[in-house]
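Here is the structure we will look at.
The values are calculated or read from the model by the stated rules, or taken from the named source; none is laboratory data. Since this is a predicted model, take the numbers as computed values, not measurements. Reconstructed Cβ throughout: ideal geometry from the backbone, glycine too, with neighbour counts over all protein chains shown.
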Amino acid sequence: MKPETVPVLFEDEDILVVHKRAGLATQSRAPGEPDLIRVLKINGTEGFLSPVNRLDQPVEGVVLLAKSEKAAAALSESLKRGDFKKTYRCLVVPRLLPPPAAGEVLELKDCLVREKGNFVRVAKEGEEGQTAKLTLYFTGEIRLIETPEEITEARCAAVNLITGRHHQIRVQLSHARYPILGDRKYGIVPKGYREGLALAAVELGFPHPRTGEQKVFEITPWFMPGVKI
């Protein structure tokens, strides 16, 4: 069996930018379990590799890795200053509330609490947690998800991530009653639905750690083949 390969979007002496598939962990804690770092090493990438942005295992998208400690430190500082632009696309199934008009921006701000079992929830009133912020807007496009048992209407949406909390987008959208299609932990899975989580990190922008040049990388998500939204 041939080893899995990871599409490389860009590489130089300081950074490596790749397209991580859905289902592949960015960095696993379990010995022997496949993850992005191990796959890259198996395919001949040598030396220091440190992921700057981590994606949930079921989420595909653009991942940036530093190839030296100096680059990692510089990118970490850029991330703290808010110099990164992180854009996601998803399919959501509105619950009870109708979606806003196309192009209308919603600002979501919540306090998140992480619990046992790798589960995150919105904090109750007076409860301490991590502040999570993002903006959400609907593109106006609709996708009909047909399964043998039902037809589900999903709405195309874009998310600009302001903070980077564990499971943030999935939890905040679910709490706002716009759960993501295929999210078996926080979202909606129609009867007979066999596909994965319809969430992807489609664009990542950041200043190069050595030159300061603004770099931007994009992908097309698996759930919208041939369509850039």
Practice problem: Just one of (1) under 20 Å from LEU161 (Cβ atoms); (2) outside any loop (DSSP other than H, G, I, E, B); (3) at pLDDT below 95; (4) not hydroxyl-bearing (Ser, Thr, Tyr) trips up ARG38, so point out which. | Solution: (1)
Self-check item: Per-region count, region 186-223, residues assigned to a loop (DSSP other than H, G, I, E, B), within 15 Å of the chain's Cα centre (by Cα) and surrounded by fewer than 18 Cβ atoms within 10 Å (Cβ to Cβ)
Solution: 2
Exercise. May I ask you to verify whether LEU173 is under 26 Å from VAL18 (Cβ atoms) and touching a Pro at 6+ places or on another chain (Cβ under 8 Å)?
Key: yes
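From the list LEU181, LEU161, LEU134, exactly one residue is in contact with a Gly (Cβ under 8 Å, 6 or more places away or on another chain) and at negative phi. Which is it? Even if it seems obvious, please write down each step before you answer.
Numbers: LEU161 fails: in contact with a Gly (Cβ under 8 Å, 6 or more places away or on another chain); LEU134 fails: in contact with a Gly (Cβ under 8 Å, 6 or more places away or on another chain).
Exactly one of LEU181, LEU161, LEU134 is in contact with a Gly (Cβ under 8 Å, 6 or more places away or on another chain) and at negative phi, namely LEU181.
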Self-check item: strands (runs of 3 or more DSSP E) within region 69-162 that include 1 or more residues under 21 Å from VAL216 (Cβ atoms) and charged (D, E, K, R)
Solution: 85-92
Quiz item: Is there a residue in region 116-128 that is over 30 Å from GLU11 (Cα atoms), touching a residue at least 40 places away in the same chain (Cβ under 8 Å) and within 16 Å of the chain's Cα centre (by Cα)?
Solution: yes
Practice problem: Just one of (1) assigned by TED's automatic domain parsing to the domain that holds ALA176; (2) crowded, with 18+ Cβ neighbours inside 10 Å trips up VAL39, so point out which. | Solution: (1)
Quiz item: Just checking, how many residues over region 93-110 are at pLDDT 95 or above and either crowded, with 17+ Cβ neighbours inside 10 Å or of a type in the set (S, T, N, Q) (or both)?
Solution: 2
Self-check item: Unmet requirement for PHE48, which otherwise passes all of (1) outside any helix (DSSP H, G or I); (2) farther than 24 Å from PRO207 by Cα
Solution: (2)
Quiz item: Within region 51-75, how many residues are surrounded by fewer than 18 Cβ atoms within 10 Å (Cβ to Cβ) and farther than 30 Å from LEU91 by Cα?
Solution: 4
Quiz prompt | Test result for LYS85, crowded, with 20+ Cβ neighbours inside 10 Å and either farther than 25 Å from VAL39 by Cα or more than 20 Å from the chain's Cα centre (by Cα) (or both) | solution = no
Quiz item: Just checking, how many residues over region 46-85 are out of contact with any helix residue (DSSP H, G or I) (no Cβ under 9 Å at 6 or more places or on another chain), without any contact (Cβ under 8 Å) to a residue 60 or more places away in the chain and of a type in the set (Ser, Thr, Tyr)?
Solution: 2
Quiz item: Can you pull out the residues in region 86-115 that are over 22 Å from GLN57 (Cβ atoms) and free of Cβ contacts under 8 Å to residues at least 40 places away in the same chain?
Solution: PRO98, PRO100, ALA101, ALA102, GLY103, GLU104, VAL105, GLU107, LYS109, CYS111
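What number of residues in region 117-131 are among the aliphatic types (A, V, I, L, M) and under 18 Å from LEU199 (Cα atoms)? If you could, list the steps in order and put the result at the bottom.
As a first pass, look at region 117-131 and keep what is among the aliphatic types (A, V, I, L, M): 120, 122-123.
If we keep only those that are under 18 Å from LEU199 (Cα atoms) as well, we get 120.
Final tally of qualifying residues: 1.
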Self-check item: Checking THR45 against (1) within 19 Å of ILE162 (Cβ to Cβ); (2) crowded, with 17+ Cβ neighbours inside 10 Å; (3) not charged (D, E, K, R), the condition it does not meet
Solution: (1)
